[in-house]
Every structure is written in structure tokens, then in C-alpha cells.
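Accompanying notes for the structure given below.
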Amino acid sequence: MGRENQTWVSEFILLGLSSDWETQVSLFVLFLAMYLVTVLGNFLIILLIRLDIRLHTPMYFFLSVLSFVDICYTNSTVPQMLVHFLSARKSIPFHSCVFQLYVSLAMGSTEFFLLGAMAYDRYVAVCHPLHYTAIMHGGLCLGLAAGCLVAGLSNSLMQAIIIFQLPLCHNVINHFACEMLAVLRLACVDISFNKVMVAISGFLVIMLPCFLVLFSYARIVAAILHIRSAQGRRKAFGTCTSHLTVVSMCFGTAIFTYMRPVGGSTAEQEKMVALFYAVVTPMLNPLIYSLRNKDVIGADGGNDDYVFKNLPGTWT
């Protein structure tokens, strides 16, 4: 399509997840319940960490920031999706679409950086427990959290400006929200430059934090291997596995969508990934990161196990 076919867009039409009325009602009930659990769970995490002085540690500070980011991310897309489930016309004004893409992309990017910061916190706690307080002081924690947010907002601002400067041929988005790749498909012109920018952004936002997480947990695993008892090692490895599960799902699905060759993912696959990030991950994070983990406390292998029981900010 040429630039002459471009259309002035004042609103977008979202195709959503289904056109069947009964399916939409069922999805409304399901996602409404998940949305309420997500908002309530993350809000309670923030409240508990704020009220309980025993939780005023770097690990729980990052968890409270993560919960705040999850609330913002969920609220950027899910309320509108719920309304559209019960609406005959699924439209969104142009400026609202821009804002939605900006906020959701900013919060998603910030979450990846936060996962990297949280992995670094665990690395210091396990590998340098005697210097943990000196290294992970309040100023560093605030700086890391602020840096994650600024990086996420900057990446999102750059992508939003580049995307919405493109001439658009139509206004029908095959998605339930204004998602980056879905909006790019509306362009009338060649989007090779945008695809390159998406790849570069994906490397900086997804792959760099992913490498930090892998490095941190590799060092953590190496430290765990020094536990002498087999039972202690099994329990400690089980603890790492439970936390790595969510990290693996987050980075794995993002790499699958944004780091594949151009055209490697379909619109339906992108919808599922967006649902995972907007609904499933924010609902699971409070459970995964806040449950008291008795496996590490129960590890019994002499003095090595004692060190793990008394790590600063350990999941206990």
C-alpha cells in the first residue's frame, strides 16, 4: 500500500479475543475475577510491606515496586478489555490508544529491568552475605528502582513516537488492546526501520536483564552446591526453581514474540502473550515472590546451611 492510501484516524476498532457473545460473557467473568485478584493481591503486598517493619528490606522493597508496576500495567489494558467484552462496538479514541500503548509498554519494560535488579539483590544476598547491608543500601535500592522506571518510560516514549508518526491505512486492530506490533501492521509504508528499532529495544529491554538474571542465578546455584547435605541441596534448588519459573515464563514468552525473525509471530500468538503479561503474570507475582519459603529454612547441612538460613532478605 502506498502513502496515498493513508487515512486520518480519530479512533481505532479493536477486534478483541472473540466475536461470539456467549464466549465474550464467559471471558468477562473469568478475567474480571482474575483482575480483582490481581489488584487486591498486589495492593495487599504493598500495604503489608509498608506496615510491617520486618519487611523493610531490599528484597521486599523491590517486590513492592514490582506490585505497583503490575497494578499500573493491568489497569492500562484490562478494564477496557472487560468493557469491550460486553460492548457491541469495540472502539478506542486515538489519544487513548497512544496513552494505552505508552503505559503498557513502559510498565512491561520496567518489569523486565526490575526482575534483573531483584536477581542482583539475590546474588548479593547469597554470594556476599556479610557485605549485603553495605552493598544494598537504601540509596542504591532507590537508584535501581528509579533507573528501571526511567529506562522503561524512555523506551516506551521512543517507540510510541516512532509508531504513531507512521501513516495508517485503516483503523482496525486485530487485538484486544493497542499493542505495539498490532498497531505497526496498520502502517501504509515500509516499516523496516520500525522492525529494527523493535529488535534493538527487545535486546536492551529483554535480553540484557535476562543475561543478568542468568548470571545471578548461576552464581546462586554455584553457592548452593557448597551445601554438604543432599537434602539441603534439594531443598535449596527447589527454592530457586520456584522463583525461576515465573522469570522463565516472562522472558521466554517475550523472547518468543519480540526477538524472533520478522513475521515470526502471528496476531493470535501476540494476543496470548499480551494476555499473559496483562493478567496472568501480575496475578502470580504476589504469590510467587511473597509466600514464605520453608525449604531454605529447613535445609540441614551444618554451617553451610546455617549461612543460607540467615541470608539477608531471604525468602523465609
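Would you check if there is a residue in the range 87-110 being among the aliphatic types (A, V, I, L, M), modelled with pLDDT under 90 and either closer than 30 Å to residue 22 by Cα or buried (at least 16 other Cβ atoms within 10 Å of the Cβ) (or both)? Before the answer, list the steps.
From the range 87-110, those among the aliphatic types (A, V, I, L, M) are 88, 92, 98, 101, 103, 105-107; that's our starting set.
Applying the additional criterion that residues be modelled with pLDDT under 90 yields 88.
Filter once more, so that each one left must be either closer than 30 Å to residue 22 by Cα or buried (at least 16 other Cβ atoms within 10 Å of the Cβ) (or both): 88.
Yes.
Go over the candidates 176, 193, 164 one by one and state the one that is touching a strand residue (DSSP E or B) at 6+ places or on another chain (Cβ under 7 Å) and within 26 Å of residue 96 (Cα to Cα).
On the way: 193 fails: touching a strand residue (DSSP E or B) at 6+ places or on another chain (Cβ under 7 Å); 164 fails: touching a strand residue (DSSP E or B) at 6+ places or on another chain (Cβ under 7 Å).
Every option except 176 fails the conditions.
Have a look at 69, 83 and point out the one that is assigned to a helix (DSSP H, G or I) and buried (at least 19 other Cβ atoms within 10 Å of the Cβ).
Working: 83 fails: buried (at least 19 other Cβ atoms within 10 Å of the Cβ).
That would be 69, the only listed residue that is assigned to a helix (DSSP H, G or I) and buried (at least 19 other Cβ atoms within 10 Å of the Cβ).
Only residues in the range 119-135 that are over 18 Å from residue 61 (Cβ atoms) count as the first member; pair them with residues that are basic (Lys, Arg) and at pLDDT 85 or above, Cβ under 7 angstrom, at least 6 apart or cross-chain, and list the lot.
127/219
Looking for something more than 16 Å from the chain's Cα centre (by Cα), outside any helix (DSSP H, G or I) and free of Cβ contacts under 8 Å to residues at least 12 places away in the same chain - is there at least one such residue anywhere in the range 24-47?
No: the range 24-47 contains no residue that is more than 16 Å from the chain's Cα centre (by Cα), outside any helix (DSSP H, G or I) and free of Cβ contacts under 8 Å to residues at least 12 places away in the same chain.
Starting from the range 172-195, take each residue that is touching a residue at least 40 places away in the same chain (Cβ under 8 Å) and list its partners that are of a type in the set (Asp, Glu), counting only C-beta distances under 6 angstrom and pairs at least six apart or across chains.
181/270
Would you be able to say whether some residue in the range 182-200 is at negative phi, touching a Lys or Arg at 6+ places or on another chain (Cβ under 9 Å), buried (at least 19 other Cβ atoms within 10 Å of the Cβ) and modelled with pLDDT of 85 or more?
Yes: one or more hits.
Six or more apart or on different chains, Cβ under 7 Å: which pairs go from a residue in the range 268-292 that's over 21 Å from residue 15 (Cα atoms) and assigned to a helix (DSSP H, G or I) to one that's of a type in the set (S, T, N, Q) and modelled with pLDDT under 80? Could you list them?
That search, which allows pairs on different chains as well, returns 288/242.
The values are calculated or read from the model by the stated rules, or taken from the named source; none is laboratory data. Not measured: the values here are computed from a predicted model. No Cβ is skipped: glycine too gets one built from the backbone with ideal geometry, and neighbour counts run over all protein chains shown.
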